[in-house]
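A short worksheet on the structure shown next.
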Amino acid sequence: MELQTHTVRIAVCVKQIPDPANPGKLDPDTKTLVRAEKLILDESDSYGVEMALQMAEATEGEVVVVSMAPNEEFGGLRTALAMGADRAILVSDEALAGSDALGTAKVLAAAMRRAEPDLILAATESTDGYTGTVPAQIAELLGLPSVTFAKSVSLGDGEVTVQRQTEDGYDEVVCPLPAVLSVTAGVVEPRYPSFKGIMAAKNKPADRLGIADLGIEAGQVGWAGARQEIVEVAPVPAREAGEVVTDDGSGHERIVAFLEELKVL
């Protein structure tokens, strides 16, 4: 990663999710994931934290991790602080239960206004949601440029240069700061928290906020503000056995006919 000398404040959106190693549970009434147990740092977000730390180390910058979670959950943020982030902002409020992607973006955008970062990083999508829309929504709400699928980032004087991953390679995009970037998983190797980092995390500053602290009304978020509803959850259908074509000299013709039936050819 090529970095230039530039002091910045980098904010990283961090989602705290149920441990994927344990079977997930759904609330029978809301059909949403139960988040009453201990939550951990989403692996997808660890890449954004690592990228932010590398940039901060090269520029003497500051890394702020920002999360929205129920029950004052702080475990995932504590992991990010132990990795090396400087401070944390947690937004936790009963009114946030049932928030959809846009509601989440509203909360995170309000927290970002409070943090006043020069650069905002987020995962391309969360492990437990997969909407892939929150980073772009945050950018829109803040009126900032958005670059998705960042695989490499270089900071300059008032601008950021991003290698944006594509199917054929990458595009190079230059945009002014502040900006919002979504980071592709696997582009860096996230560090493990050291014992020294774990101990230091206990004394790092952390703001714990509710929606009133951010100027958000209850009707804008949670179930009241959600624009989507989960009406049914069903198991994935079992895969049916495929058709075996025994080549008697005309196997290629049968395959071509099959592809034409699927309108692939």
Next item on the list: List every residue pair whose Cβ atoms sit under 8 Å apart, with the two residues 6 or more apart in sequence or on different chains, where the first one lies in the stretch 96-121 and is of a type in the set (Asp, Glu) and the second, anywhere, is open to solvent by 30 Å² or more (accessible area, probe 1.4 Å) and not in a helix (DSSP H, G or I).
Entry: 100/227; 100/228; 116/9; 118/9; 118/177; 118/178
Notebook entry, point to check: In the set 95, 136, 111, 122, which member is over 16 Å from residue 14 (Cβ atoms), of a type outside the set (S, T, N, Q) and open to solvent by less than 40 Å² (accessible area, probe 1.4 Å)?
Noted result: 95
Checklist line | Complete set of residues in the stretch 162-183 that are surrounded by 14 or more Cβ atoms within 10 Å (Cβ to Cβ), part of a strand (DSSP E or B) and not hydrophobic (A, V, I, L, M, F, W, C) | finding: 163, 164, 165, 170, 182
Notebook entry, point to check: For the stretch 95-140, what are the residues that are under 22 Å from residue 207 (Cα atoms) and more than 16 Å from the chain's Cα centre (by Cα)?
Noted result: 95, 96, 97, 110, 113, 114, 115, 116, 117, 118
Item checked: Per-region count, the stretch 141-174, residues in contact (Cβ under 8 Å) with a residue 24 or more places away in the chain, over 14 Å from residue 10 (Cα atoms) and within 21 Å of the chain's Cα centre (by Cα) -> 12
Checklist line | One residue from 197, 186 being farther than 20 Å from residue 136 by Cα, of a type in the set (Gly, Ala, Ser), under 22 Å from the mean Cα position of the chain (by Cα) and not in a strand (DSSP E or B) | finding: 186
Checklist line | Single match in 96, 119, 90, 142 (criterion: within 21 Å of residue 227 (Cβ to Cβ) and touching a Lys or Arg at 6+ places or on another chain (Cβ under 8 Å)) | finding: 142
Notebook entry, point to check: When you go through (1) surrounded by 13 or more Cβ atoms within 10 Å (Cβ to Cβ); (2) more than 19 Å from residue 51 (Cβ to Cβ); (3) not hydroxyl-bearing (Ser, Thr, Tyr) one by one for residue 193, which number turns out not to apply?
Noted result: (2)
Next item on the list: Can you tell me which residue among 189, 217 is out of contact with any strand residue (DSSP E or B) (no Cβ under 7 Å at 6 or more places or on another chain) and under 24 Å from residue 132 (Cα atoms)?
Entry: 189
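The values are calculated or read from the model by the stated rules, or taken from the named source; none is laboratory data. Since the model is a prediction, treat every value here as computed from it, not as a measurement. Quick reminder, even Gly has a Cβ in these numbers, built from the backbone with ideal geometry, and neighbours come from all protein chains shown. In case anyone asks, the SASA skips ligands and DNA or RNA and just uses the protein heavy atoms, side chains included. Shrake-Rupley method; radii C 1.70, N 1.55, O 1.52, S 1.80 Å.
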